[in-house]
Ligand code: GUN
Ligand code: ZN
């Protein structure tokens with residue numbers, strides 16, 4: 001017996017058969033009159049609309065006209081507790097953490113506050129078409145409980161971890177090496193694999209952990225090698241100099257993590273802007289992932305990520321808003337920033353590459369390549385429906401388009417949540433645009 005009626009989403013359909021950084025835009029699959037059949041939370045079929053309608057006459061039809069149906073966006077690096085301090089003025093990384101971030105994060109021992117912010121953040125994400133996020137919480141286990149409870153209630157595939165810090169942070173935001181290990185272990189037991197949730201071992205970054213804490217988390221990861229481990233790497237030059245002074249014996253920033261058991265194919269490093277040749281070679285050898293956070297990198301003044309160079313040498317790269325260092329909840333705005341950052345380095349990233357990064361690329365950076373971030377039979381039915389003429393300015397430009405990419409690029413560059421007609425999670429609509 002089937003749990004739910006099958007549903008047929010009809011419109012233009014965009015999916016990927018490969019990585020457009022390696023294969024070019026031909027890696028994309030575009031159906032102008034296509035459809036996606038969803039059943040019991042998964043994609044049951046993908047193809048021509050008329051054929052799928054004929055083959056599944058009982059399916060509930062959702063006809064979106066010429067709107068674009070895509071995999072939902074995957075935001076591979078956010079700090080949900082920073083939702084309330086997004087767009088805080090005038091600082092660079094270390095100052096910004098001390099002035100804005102840490103005082104706000106100190107409030108997340110209050111479960112009611114954590115729950116309210118987690119719900120606000122996830123509802124904003126869904127309104128922007130993002131169906132999977134990978135978030136840092138705070139040092140408080142309650143902050144992880146709040147985030148996972150909110151994601152579970154929404155049926156989302158979501159990642160999070162307790163953000164561990166035992167030095168260079170205010171008293172009320174420090175744990176210890178042992179508490180980081182014990183709390184993380186208890187949270188893994190409570191949440192790992194519940195619904196669509198995934199626990200991520202989360203040392204904030206090298207400067208806020210003692211060697212003992214990094215080693216404790218490295219040991220925990222060795223006990224749970226299937227989990228991801230997330231942290232920050234080489235975001236700002238001042239930060240790198242600080243890491244060098246705190247860990248004088250390390251060859252470089254990446255070496256700090258490696259020396260404490262925190263480097264492997266399941267490592268997900270935010271930023272990675274100012275990497276040495278050795279670090280790049282080692283990342284590639286290990287197969288760890290980098291996450292590009294372009295609105296954040298511009299907003300905090302961090303630098304220009306070498307997207308083309310890193311992809312060209314075979315690195316795994318995802319894309320993220322980095323809320324609240326990032327200045328937008330929108331993966332459209334984030335793609336636009338990635339385009340602009342690459343232009344400042346002399347490279348024009350193709351719209352197919354940008355869209356892939358925000359969906360399949362991010363999913364694969366999180367080890368979810370076969371589950372979300374693309375449209376294919378058997379994958380989880382997390383989808384977004386995009387209006388390619390969501391504002392008069394976008395509409396008049398798209399009207400001149402000669403192909404899909406010209407039609408899509410104005411939405412990438414100028415779009416926001418007004419372009420998101422509907423967001424679907426696990427085969428059901430969860431957000432519908434107002435009006
Ligand atoms: N490095 C360490 N913590 C943070 C954070 O919260 N945001 C960003 N952008 N970088 C960090
Ligand atoms: Zn971050």
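Read-outs throughout are calculated quantities, based only on the coordinates presented, and are distinct from any laboratory measurement. On a predicted model such as this, the values are computed, not experimentally measured, just so you know. Neighbour counts are summed over all protein chains in view; Cβ atoms, including those assigned to glycine, are modelled from backbone coordinates with ideal geometry.
Could you compute Rg(Cα) / (2.2 N^0.38 Å) for the range 323-435, with N its residue count?
Numbers: Rg = 14.7 Å, N = 113, 2.2 N^0.38 = 13.3 Å.
The reported ratio for this selection is 1.11.
Given a 10 angstrom Cα cut-off, can you work out which residue in 334, 99, 138 is the most mobile in a GNM of the chain?
99
Quick one: among 346, 161, 261, which has the greatest mean-square fluctuation in a GNM of the chain with alpha-carbon springs under 10 angstrom?
Looking only at 346, 161, 261, the biggest GNM fluctuation is shown by 346.
Can you give the angle from 0 to 90° between the axis of helix 404-414 and the longest principal axis of the chain, with both taken from C-alpha atoms, to the nearest 10?
Approximately 50 degrees, to the nearest ten.
On a C-alpha basis, how far is the centre of the range 356-435 from the centre of the range 136-174 in Å? Whole number, if you could?
First find each Cα centre; the distance between them is then 28 Å.
Express in whole angstrom the spacing between the alpha-carbon centres of the range 237-300 and the range 1-58.
Between the Cα centres of the range 237-300 and the range 1-58 lies a distance of 38 Å.
In percent, what relative contact order does the range 252-351 have, based on Cα pairs under 8 Å that are 6 or more apart in sequence?
So the answer I get is 25 percent.
I'm checking a number: the convex hull volume of the Cα atoms of the range 138-205, normalised per residue, in Å³. What is it?
71
Using a simple spin-label model with points 7 Å from Cα along the Cα→Cβ vector, what separation in nm is obtained for residue 116 and residue 6?
Each label point is offset 7 Å from its Cα along the Cβ direction, giving 4.6 nm.
Given bins 20 angstrom wide, list per bin the percent of all Cα-Cα distances in the chain, short to long.
In whole percents, the pair-distance histogram is 28, 58, 14, 0.
Share of antiparallel DSSP beta bridges in the chain, in percent to the nearest 5? Mind showing how you got there, number by number?
Working: 28 of 63 bridges.
Percent antiparallel among DSSP bridges in the chain is about 45.
Which whole-number percent gives the relative contact order of the range 1-110, counting Cα pairs below 8 Å spaced six or more residues apart?
Normalised by residue count, the contact order of the range 1-110 is 27 percent.
Which one, 400, 107, 282, has the greatest fluctuation when you compute a Gaussian network model over the chain with C-alpha springs under 10 angstrom?
Result: 400 has the largest fluctuation of those listed.
I need to check one value: relative contact order of the chain, counting alpha carbon pairs closer than 8 Å and at least 6 residues apart, in percent.
20
On the first, second and third principal axes, largest extent first, how far apart are the outermost C-alpha atoms of the range 236-294 in Å?
Principal extents (largest minus smallest coordinate, Cα): 28, 27, 18 Å.
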